[in-house]
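Peer 1: Below is a structure I'd like to ask you about.
The values are calculated or read from the model by the stated rules, or taken from the named source; none is laboratory data. This one's a predicted model, so the numbers in the text were calculated from it and none came from an experiment. Glycine also receives a Cβ, built like all others from the backbone with ideal geometry; neighbour counts cover every protein chain displayed. In case anyone asks, the SASA skips ligands and DNA or RNA and just uses the protein heavy atoms, side chains included. Shrake-Rupley method; radii C 1.70, N 1.55, O 1.52, S 1.80 Å.
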Amino acid sequence: MTLEELKNSTIFPIGGENVNFAQYFIGTSYLNMLSLEQVVIGNVTFEPKCRNNWHIHHADKGGGQMLLVTAGKGWYQEWGKEPQALKAGDIVHIPANVKHWHGAATDSAFQHLAIEVAGENCKTEWCEPVSDEDYGKLK
């Protein structure tokens, strides 16, 4: 799926280029904050091959993140575990304090709703990029 095909088929607009978080991504992503009240929900769109750095959603209690995949093909991986292929309709529950990354497949744009799970003392720690070598091994 190309980015143009995704734009024409998605129900949520992709928003503008994700310049505020660009330092934590390899490639170009787009962000449209759908909700900043009650539950924080961001619509994140990745161009093919784009992925975010390893990161951790810290929380003392509760917290974490949910991903609802809405379009394209992508990947999710927790530190020390095998990567998981993602497609539209998949849901990923990411517990607090788990190092992980997510992003597009090499041949497809990718979009998910990122939902912040409420918790105490929540903060995101951005870590190292996913290396080209490791990303290149994904099948």
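Peer 1: Once you put a point 7 Å from the Cα of Met66 and another 7 Å from the Cα of Ile91, both along the Cβ direction, what distance in nm separates them?
Peer 2: Roughly 0.6 nm, to one decimal.
Peer 1: Would you tell me the accessible area of His93, worked out with a 1.4 angstrom probe on the heavy atoms of the protein chains, in Å² to the nearest 10?
Peer 2: For His93, solvent-accessible area is about 120 Å².
Peer 1: Once the piece of chain linking Gln84 and Gln38 is laid out straight, how much longer is it, given 0.36 nm per residue of separation minus the C-alpha distance between them? Walk me through the numbers on the way to the answer.
Peer 2: Working: separation 46, 0.36 × 46 = 16.56 nm, distance 2.96 nm.
Separation in residues times 0.36 nm, less the Cα-Cα distance, equals 13.6 nm.
Peer 1: Here is a follow-up. State whether the stretch 21-72 is rounded, prolate or oblate according to the following rule on the C-alpha gyration tensor (a ≥ b ≥ c being the square roots of its eigenvalues): a/c under 1.5 gives rounded; otherwise a/b larger than b/c gives prolate, and the remaining case gives oblate. Intermediate results must be reported in sequence, preceding the final value.
Peer 2: Details: a/c = 2.01, a/b = 1.37, b/c = 1.46.
Verdict is oblate for the stretch 21-72.
Peer 1: Taking H placed 1.01 Å from N in the peptide plane, check which residues at least 5 places from Phe110 or on another chain put their amide H under 5 Å from its amide H.
Peer 2: Phe46
Peer 1: Let me ask something additional. At 1.4 Å probe size, with no ligands or nucleic acids counted, give the accessible surface of Ser9 in Å², nearest ten.
Peer 2: Rounded to the nearest 10, that gives 70 Å².
Peer 1: For Cα pairs less than 8 Å apart in space and 6+ apart in sequence, what is the mean separation divided by the residue count of the chain, i.e. the relative contact order in percent? Please report the intermediate quantities before stating the final value.
Peer 2: Working: 360 pairs, mean separation 41.6, N = 139.
Reported as a whole number, the value is 30 percent.
Peer 1: Note down the Stokes-Einstein diffusion coefficient of the chain in µm²/s, whole number, using a Kirkwood radius over alpha carbon pairs, 37 °C, and 0.692 mPa s.
Peer 2: Numbers: Rh = 14.9 Å.
So the translational diffusion coefficient is about 220 µm²/s.
Peer 1: Between Leu138 and Glu4, take the C-beta separation as r, use R0 = 30 Å, and let me know the FRET efficiency to the nearest 0.05. Don't skip to the end; give the middle numbers.
Peer 2: Values: r = 23 Å, r/R0 = 0.78.
Once the sixth-power term is evaluated, E becomes 0.80.
Peer 1: Which GluC sites (Glu not before Pro) in the stretch 1-87 pass both tests, a DSSP loop state and at most 14 other beta-carbon atoms within 10 Å? If you can, show how the numbers build up before the last one.
Peer 2: Values: sites: Glu4, Glu5, Glu17, Glu37, Glu78; in loops: Glu37.
Taking the stretch 1-87 and a limit of 14 other Cβ atoms within 10 Å, the loop GluC sites (Glu not before Pro) found are Glu37.
Peer 1: Another question, if that's okay. Using only helices, what value at 222 nm comes out for the chain when you add -39,500 (n - 2.57) per DSSP H run of length 4 or more and divide by the total residues, to the nearest 500 deg cm²/dmol? Spell out each step's value before the answer.
Peer 2: Values: 2 runs with 12 residues, N = 139.
For the chain, the value works out to -2000 deg cm²/dmol.
Peer 1: Moving on. For the stretch 54-71, take each phi angle, set θ = phi - 60°, evaluate the Karplus expression 6.51 cos²θ - 1.76 cosθ + 1.60, and give the result in whole Hz per residue in order, putting x for glycine and proline.
Peer 2: 4, 7, 9, 8, 6, 7, 7, 8, x, x, x, 8, 10, 10, 10, 6, 10, 6
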